[in-house]
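Read-outs: derived from the displayed coordinates by stated rules, not from any lab. Every value quoted in this text rests on a predicted model; they were computed, and no experiment measured them. Backbone-built Cβ (ideal geometry, glycine too); neighbour counts: all protein chains shown.
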Amino acid sequence: MVIGFIGTGHMGGSLALILGKDGTNEILLCNRSKAKAEALQKKIGSNAKIENIEGVVQKSDVLFIGVKPVDLDDLLNVLPSPKGIVVSMVAGVSIAEIEPFLDGAPLVRILPNTPVAVGKGLTLVTFDDFFYEESKKKFMDLLAPTGRLIEVEEEKLNPGGVLTGSAPAYLDYFIDALAEAGVAIGLSKEEATEYVLGMCEGAVALALESGESPRKLGEAVCSPGGSTIEGVNVLLKRGLYDTVSDAVNATFEKNKKMR
């Protein structure tokens, strides 16, 4: 299969690496910065090639568009008729806004997140009306090496994408804050980071496998009069839930204005 990428930034580059890993797919790369595309080509190997926009569009069975929202209009206005499936990774731009430029080519919107780079991603997927069930399955199978995929209605894509796509950054900062706090009580940064990452891995696994809500799991750790509840009470008194809600809302509102 020939898989093309217009835009080889962090997300597009991660998907290209995963999909080109076993060498069975031919990967075509097109990026405003040719040097960035060439660096990615070297990482992927001999099954990756650099193409211009016309070449990558007309040769690709599956074409990923990963440009910034502000650059999408300029791209669509010069886009040749696609040969195969078009995959938009552009946040905040609807299927209805892109379809008129595709001459009837099937379109799917996806919002992946950074863990796709290690095959642990969570990608939200919305198909247009040109997709049959068989075609949907083939597409989901294609992206299976990137992690978990969830098909959602398009109106859920943007709010869901805040939690799946942007919130990993919130978690990364919280992990770093925990590690810094560990340094303050006597650990090295390396030790503290290792401990926190291991803790997160186990806590998430427990939440996924136990069937309990994360809130109930948290409460189970907090023995009355114990030390853990002391720390949790500080977080709650400082407005943990309101702070997180404000962060999510700020990201959601900004996404509406990106184009």
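Worth pointing out:
- Ordering of 242-252, 38-48 by packing [mean C-beta count within 10 Å, highest first]: 38-48, 242-252
- Qualifying GluC sites (Glu not before Pro) in region 113-190, where qualification requires a DSSP coil assignment and no more than 12 other C-beta atoms within 10 Å, comprise 153.
- Among the listed pairs 21/59; 21/254; 21/68; 42/254, those beyond 27 Å (Cα-Cα): 21/254; 42/254
- Cα centre as origin, Lys/Arg/Asp/Glu Cβ charges: region 2-152 dipole, Debye: 760 debye
- Dividing the Cα radius of gyration of region 200-259 by its Kirkwood radius returns 1.12 for Rg/Rh.
- Taken about its Cα centre, the chain carries a charge dipole of roughly 500 debye when the Cβ of each Lys and Arg holds +1 and the Cβ of each Asp and Glu holds -1.
- Summarising the overall dimensions of region 161-256 from its C-alpha atoms, the Rg and Dmax are 15.0, 45 angstrom.
- Per-bin percent of Cα-Cα distances, region 133-177 [10 Å]: 22, 37, 30, 9, 1
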